[in-house]
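The values are calculated or read from the model by the stated rules, or taken from the named source; none is laboratory data. Just so we're clear, the structure is a prediction, and the values are computed from it rather than from any experiment. Cβ coordinates were reconstructed from backbone atoms using ideal geometry, including for glycine residues, and neighbour counts include every protein chain displayed.
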Amino acid sequence: MTTDPTVHISSRDNALLKDLRRLSQDGAAYRKQGRVWLEGDHLCRAALVRGWQPEQALFSARYWSVAPAEFTRSGGRNAVVADSLWPGISALESPAQMGFVMVLPATQGLDPLAPTVILDRLQDPGNVGSILRSAGAFGFGQVIALKGTVALWSPKVLRAGMGAHFGLRLIEGLDTEALEALQVPMVVTSSHSGELLHRQTLPSPCAWVLGHEGQGVSPTLAAKAQRAVRIAQPGGEESLNVAAAAAVCLHASAAQL
């Protein structure tokens, strides 16, 4: 006779639930725990497709009986949480009914030859998540977040990234000086200076530098770049936010391959 390994949680003071509340509500908690909380079937499925295996799979009680086998047999320990407790571990207005706890991989070193996106003090989680999606779509597999950039594995960036995280080499907390190790040319963008993007033959591979939503790329970083470009905007200057500009620039690079 086998014992069902599934744990049923009915106490708000359960240690696992306390950890999950921190992970879902504190954007930097993952740095202390070394784990992230993926809420909802889309993020969880994206992780599985990329070969990530959860440490823990959690389900609301009402969802447990209908949960797909790909989640219940994902390799993690299963826990069923009382329906009344589930909203407490969710950061969503309409909570999803399942999620994974994932252990983050060991910090990866910078690949000096990889097509790269450099984030210089970006603050908006939606922008950063969108840029990660564009990086994945257009073949820029390494993303470097310099100090001052919003936490890449925070819940809001994870949701905005919609699974892009799991296919990228993500490096955060670097100083500008660490970029000296890159052996690919850096290209910076600006809304008012540089050569028009659509007229350029872009270096490949390269590292696109994307700057703070209000201040742009720092002067120090701009001075290190080998190329400066701007996007033609015949409908009006500065009408693109940084995430839209990133998509245009990364597509321009991919289109020249």
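Among Asp120, Asp124, Asp83, Asp111, which is the only one that is without any contact (Cβ under 8 Å) to a residue 24 or more places away in the chain and charged (D, E, K, R)?
Asp83
Looking at the structure I just gave you, is Val157 more than 14 Å from the chain's Cα centre (by Cα), at pLDDT 95 or above and either assigned by TED's automatic domain parsing to the domain that holds Asn14 or among the aliphatic types (A, V, I, L, M) (or both)?
no
Filter region 36-51 down to the residues that are surrounded by 21 or more Cβ atoms within 10 Å (Cβ to Cβ) and closer than 16 Å to Ala106 by Cα and list them by number.
Val36
Can you tell me which of (1) assigned to a helix (DSSP H, G or I); (2) more than 14 Å from Ile118 (Cβ to Cβ) is the one Ser204 doesn't meet?
The single condition Ser204 does not satisfy is (1).
How many residues are more than 16 Å from Pro5 (Cα to Cα), among the charged types (D, E, K, R) and either in a loop (DSSP other than H, G, I, E, B) or touching an Asp or Glu at 6+ places or on another chain (Cβ under 8 Å) (or both) if we restrict to region 55-83?
2
Return the pairs, sorted by first residue and then second, in which the second residue is in a helix (DSSP H, G or I) and of a type in the set (S, T, N, Q), the first residue lies in region 16-43 and is more than 14 Å from Gln56 (Cβ to Cβ), the beta carbons are less than 8 Å apart, and the residues are 6+ apart or on different chains.
Sorted first by the residue in region 16-43, then by its partner, the pairs are Arg22/Gln33.
Criterion first (within 25 Å of the chain's Cα centre (by Cα), of a type outside the set (A, V, I, L, M, F, W, C) and surrounded by fewer than 19 Cβ atoms within 10 Å (Cβ to Cβ)) does His212 satisfy it?
yes
Would you check if there is a residue in region 103-112 being of a type in the set (Gly, Ala, Ser) and surrounded by 22 or more Cβ atoms within 10 Å (Cβ to Cβ)?
Checked region 103-112: no residue is of a type in the set (Gly, Ala, Ser) and surrounded by 22 or more Cβ atoms within 10 Å (Cβ to Cβ).
Could you tell me which residue of region 230-257 is surrounded by the most Cβ atoms within 10 Å (Cβ to Cβ), considering only residues that are over 23 Å from Asp124 (Cα atoms) and modelled with pLDDT of 90 or more?
Of everything passing the filter in region 230-257, Ser253 is surrounded by the most Cβ atoms within 10 Å (Cβ to Cβ).
In region 207-229, what residues are outside any strand (DSSP E or B) and without any contact (Cβ under 8 Å) to a residue 60 or more places away in the chain?
Here is the first cut: in region 207-229, the residues outside any strand (DSSP E or B) are 213-215, 217-226.
Of everything in region 207-229, those that are outside any strand (DSSP E or B) and without any contact (Cβ under 8 Å) to a residue 60 or more places away in the chain turn out to be Gly214, Pro219, Thr220, Ala222, Ala223, Lys224, Ala225, Gln226.
Tell me the residue from Leu146, Leu174 that is surrounded by fewer than 18 Cβ atoms within 10 Å (Cβ to Cβ), among the aliphatic types (A, V, I, L, M) and at pLDDT 95 or above, please.
Numbers: Leu146 fails: surrounded by fewer than 18 Cβ atoms within 10 Å (Cβ to Cβ).
Exactly one of Leu146, Leu174 is surrounded by fewer than 18 Cβ atoms within 10 Å (Cβ to Cβ), among the aliphatic types (A, V, I, L, M) and at pLDDT 95 or above, namely Leu174.
Any residue at all in region 26-47 that is outside any helix (DSSP H, G or I), closer than 30 Å to Pro219 by Cα and not assigned by TED's automatic domain parsing to the domain that holds Gly216? Write out each step before concluding.
First, the residues of region 26-47 that are outside any helix (DSSP H, G or I): 26-28, 34-40.
Retained after the next criterion (residues that are closer than 30 Å to Pro219 by Cα): 27-28.
Filter again for not assigned by TED's automatic domain parsing to the domain that holds Gly216, leaving 27-28.
Checked region 26-47: at least one residue is outside any helix (DSSP H, G or I), closer than 30 Å to Pro219 by Cα and not assigned by TED's automatic domain parsing to the domain that holds Gly216.
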